[in-house]
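The values are calculated or read from the model by the stated rules, or taken from the named source; none is laboratory data. Keep in mind the model is a prediction, meaning the values are calculated, not measured. In this analysis, Cβ positions are derived from the backbone assuming ideal geometry, glycine residues included, and neighbour counts consider all displayed protein chains. Heavy atoms of the whole protein, side chains included, go into the accessibility calculation; ligands, DNA and RNA do not. Shrake-Rupley method; radii C 1.70, N 1.55, O 1.52, S 1.80 Å.
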Amino acid sequence: MARYRITSYRYPSEEGILALTLLLVVGVIIFTATATFCTAGIFILLMLVVVYFMNKSHHENLIRQAQPIRSETMPELYQMVKECAERLQPGPIESFVAGSSQLNAYTFGMSDPKIVVLYSSLFKIMDADEIRFIIGHELGHVSLGHTWLNTLIGGMAGIPAPMGAAVILSAAFMWWNRACEYSADRAGLLACGSLVKATSALVKLGTGKRLSTQAEMDRAMAAVDKEDDDITNVLGEMLATHPLIIKRINELKKYAATPEYTRLQAEISRG
Ligand SMILES: [Zn+2]
């Protein structure tokens with residue numbers, strides 16, 4: 001048995017230097033992490049500014065080619081937009097009709113008034129209640145804050161990231177986009193007040209046809225109904241901002257059957 005410590009020959013500063021080294025390691029880790037975090041923050045902010053101004057000029061261009069919906073120039077449509085806005089209370093909006101062969105409508109704006117644009121080709125194939133569904137859908141996006149969230153989150157989802165992360169980010173963004181579409185469809189239904197009209201508006205959007213007879217509508221509906229039987233459609237949806245039309249119709253049907261819808265519809269109709 002040794003009566004002295006067998007390690008007592010340790011060089012005097014060894015332990016002190018080890019402690020200092022460990023402290024430095026921790027310090028460097030904290031410093032790099034903070035620096036990365038700040039750089040990422042500044043980067044995201046810069047991205048958002050770029051996206052904001054790109055969107056802004058894109059939108060200003062679109063508006064320049066569109067006609068404002070005013071009581072003097074488009075009295076019927078003006079009245080429809082006004083009624084839908086009274087039902088859904090989206091806050092300050094300005095609405096326009098843009099000449100286009102595309103079947104589309106959209107809304108944008110970071111600040112008030114939010115802009116709603118309806119493409120002229122919608123009026124060639126849809127009746128008044130179907131247009132109300134479309135207007136209500138867009139006003140729903142406005143009410144639920146999708147317009148500015150879309151710019152913000154879209155900007156963040158667009159930040160350059162390693163390949164795998166970029167795919168996950170954009171897939172998540174589109175997933176959220178599709179959820180927003182279901183919400184906006186509910187607003188459309190609340191605006192037009194008819195599941196039949198909401199459905200026919202969606203079928204017309206999907207097929208791009210006027211479908212003036214019941215037989216035409218039934219045939220188109222049957223075609224739309226087959227959409228989710230095709231695996232490529234189902235997979236393709238994962239990379240799309242809009243759900244399949246048949247899914248949108250089914251979600252609306254489910255929602256229309258809820259007591260929540262009945263209650264809200266009655267409340268809105270009372271005004
Ligand atoms: Zn939408």
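Please give the number of the condition Lys226 fails out of (1) more than 16 Å from the ligand (Cβ to nearest atom); (2) of a type in the set (Lys, Arg); (3) under 18 Å from the mean Cα position of the chain (by Cα).
All conditions pass for Lys226, except number (3).
If I go through segment 135-150 residue by residue, how many of them are more than 30 Å from Val49 (Cβ to Cβ) and in contact with a Gly (Cβ under 7 Å, 6 or more places away or on another chain)?
1
Please specify each residue of segment 121-140 satisfying the condition of being over 20 Å from the mean Cα position of the chain (by Cα) and β-branched (Val, Ile, Thr).
Within segment 121-140, Ile125, Ile131 qualify.
Could you identify the single residue in Ser95, Ser143, Ser101 that is more than 21 Å from the chain's Cα centre (by Cα) and without any contact (Cβ under 8 Å) to a residue 60 or more places away in the chain?
When all the criteria are applied, what remains is Ser101.
Is it the case that Ala33 is surrounded by 10 or more Cβ atoms within 10 Å (Cβ to Cβ), over 25 Å from Met110 (Cα atoms) and small (Gly, Ala, Ser)?
yes
So the check is Cβ under 6 Å with 6+ separation or different chains; which pairs have a first residue in segment 52-74 that's in a helix (DSSP H, G or I) and a second one that's modelled with pLDDT under 90?
Cβ pairs passing all conditions: Asn55/Thr151; His59/Phe108.
Going residue by residue through segment 74-83, is there one that turns out to be open to solvent by 40 Å² or more (accessible area, probe 1.4 Å), under 18 Å from the mean Cα position of the chain (by Cα), over 21 Å from Ser200 (Cβ atoms) and of a type in the set (A, V, I, L, M, F, W, C)?
No - not one qualifying residue is present in segment 74-83.
Take the conditions surrounded by fewer than 14 Cβ atoms within 10 Å (Cβ to Cβ), closer than 19 Å to Asp129 by Cα and either in contact (Cβ under 8 Å) with a residue 40 or more places away in the chain or of a type in the set (Gly, Ala, Ser) (or both) and apply them to Ser212. Does it pass?
yes
Somewhere in segment 119-133, is a residue of a type in the set (A, V, I, L, M) and within 12 Å of the ligand (Cβ to nearest atom)?
No, every residue in segment 119-133 fails to be of a type in the set (A, V, I, L, M) and within 12 Å of the ligand (Cβ to nearest atom).
Determine, yes or no, whether Val116 is free of Cβ contacts under 8 Å to residues at least 40 places away in the same chain, open to solvent by less than 10 Å² (accessible area, probe 1.4 Å) and out of contact with any Pro (no Cβ under 7 Å at 6 or more places or on another chain).
When the stated conditions are applied, Val116 passes them.
Across segment 164-178, what is the total count of residues that are within 16 Å of the ligand (Cβ to nearest atom) and open to solvent by 50 Å² or more (accessible area, probe 1.4 Å)?
Residues that pass the stated criteria total 2.
Keeping to segment 93-105, report how many residues are over 16 Å from Pro68 (Cβ atoms) and within 13 Å of the ligand (Cβ to nearest atom).
2
List every residue pair whose Cβ atoms lie under 7 Å apart, where the two residues are 6 or more positions apart in sequence or sit on different chains, the first residue falls within segment 235-260 and is part of a loop (DSSP other than H, G, I, E, B), and the second residue, located anywhere, is open to solvent by 30 Å² or more (accessible area, probe 1.4 Å) and of a type in the set (Phe, Trp, Tyr).
Within 7 Å, the pairs are Pro243/Tyr182.
Got at least one residue in segment 127-150 being at pLDDT 90 or above and over 29 Å from Leu264 (Cβ atoms)?
No, segment 127-150 contains no residue that is at pLDDT 90 or above and over 29 Å from Leu264 (Cβ atoms).
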